[in-house]
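*Asks:* Below you'll find the structure I mean.
The values are calculated or read from the model by the stated rules, or taken from the named source; none is laboratory data. For clarity, every value in this text was computed on a predicted model and none was experimentally measured. Note that we place each Cβ from the backbone using ideal geometry, even for glycine, and neighbour counts take in every protein chain shown. The area values use the complete protein model at the heavy-atom level, side chains included, leaving out ligands, DNA and RNA. Shrake-Rupley method; radii C 1.70, N 1.55, O 1.52, S 1.80 Å.
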Amino acid sequence: MKLIPKLLVATATLTLGFATVDAKSASAAILNYAFTVDSPGTKGNGFFSFDDSTFSNDYNPEAAIKSLSFKFDGDSTVYTQQDDAKYPDFPLVFPSISLTGQTYFALDYQFDDKANPSSPISYEIISEDFTIFSKTSPDAELISGTVSYRQVPEPTPLVSTLFVCSLGWMMKRKVASRKKVKV
């Protein structure tokens, strides 16, 4: 009977060790970001990922996007990295600093209205700026908005942490129920 609690503690320790090792490997080079577009005319959400080891050594470092998906709220059209007007050289990601001094990675992404291909409307995201403009009318009024970014944590460390916590909770319940039976 005394072997079971020791075995459970050893298992929990080993699991926690693997979770820590897995968390280090998950933070290797692929970073995932979510972004939100907010303008007077439209709103939308998207995700992108990139390999931070591929940044150029320029004065302004940039890296190619590995994957990107964006969708305006209330619209079923999904925009991807292939929809950039200058694909495959764009879209790009680059390090930037917000007005509050926080460092983040930002997009350089320009795409046409896929829902209505004959429309002259184009969209552009550069850092924290979102712009809707007409390709055919240079005098047309621009609509602008803001873009906000947040890093998306890797799922593996979250799952590992959840597993370890639930294992600890089950062990605590089992020990508590044994104490009640002995009394």
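*Asks:* At 0.36 nm per residue, minus the direct Cα-Cα distance, what do residue 114 and residue 59 gain on full extension? Give it in nm, one decimal, please.
*Replies:* Length difference between fully extended and current span is 16.4 nm.
*Asks:* D for the stretch 36-90, whole µm²/s, Stokes-Einstein with Kirkwood Rh over alpha-carbon pairs at 4 °C and 1.567 mPa s: what number?
*Replies:* It comes out at roughly 101 µm²/s.
*Asks:* Separate question: Straight-line reach from residue 43: which aspartates and glutamates have a Cα under 15 Å away, not including same-chain ones fewer than 8 places off?
*Replies:* Hits, sequence-local ones excluded: 73, 75, 113, 124, 128, 129.
*Asks:* In the stretch 41-82, carbon and sulfur make up what percent of the accessible area (probe 1.4 Å)?
*Replies:* 46
*Asks:* Work out from phi, with θ = phi - 60° and the Karplus expression 6.51 cos²θ - 1.76 cosθ + 1.60, the ³J(HN,Hα) of each residue of the stretch 64-73, listed in order in whole Hz, and give x for Gly and Pro.
*Replies:* 6, 7, 7, 8, 8, 9, 9, 9, 6, 4
*Asks:* Does anything in the stretch 43-74 have its amide N under 16 Å from the 7 Å Cα→Cβ label point of residue 150, and if so which residues?
*Replies:* Within reach of a label on residue 150: 44-48.
*Asks:* Multiplying the sequence separation of residue 49 and residue 76 by 0.36 nm and subtracting their Cα-Cα distance, what value in nm do you get?
*Replies:* Once the chain is fully extended between residue 49 and residue 76, it gains 7.6 nm.
*Asks:* Here is a follow-up. In sequence order, what are the phi-derived ³J(HN,Hα) couplings for the stretch 113-128 according to the Karplus relation 6.51 cos²θ - 1.76 cosθ + 1.60 with θ = phi - 60°, rounded to whole Hz, with x for glycine and proline?
*Replies:* Ordered by residue, 3J(HN,Hα) equals 5, 6, 5, 9, x, 7, 6, x, 6, 10, 10, 9, 10, 9, 6, 8 Hz.
*Asks:* Just to be sure I understand the model, the point goes 7 Å from the Cα along the line to the Cβ. What's the resulting residue 126 to residue 85 distance in nm?
*Replies:* 1.1
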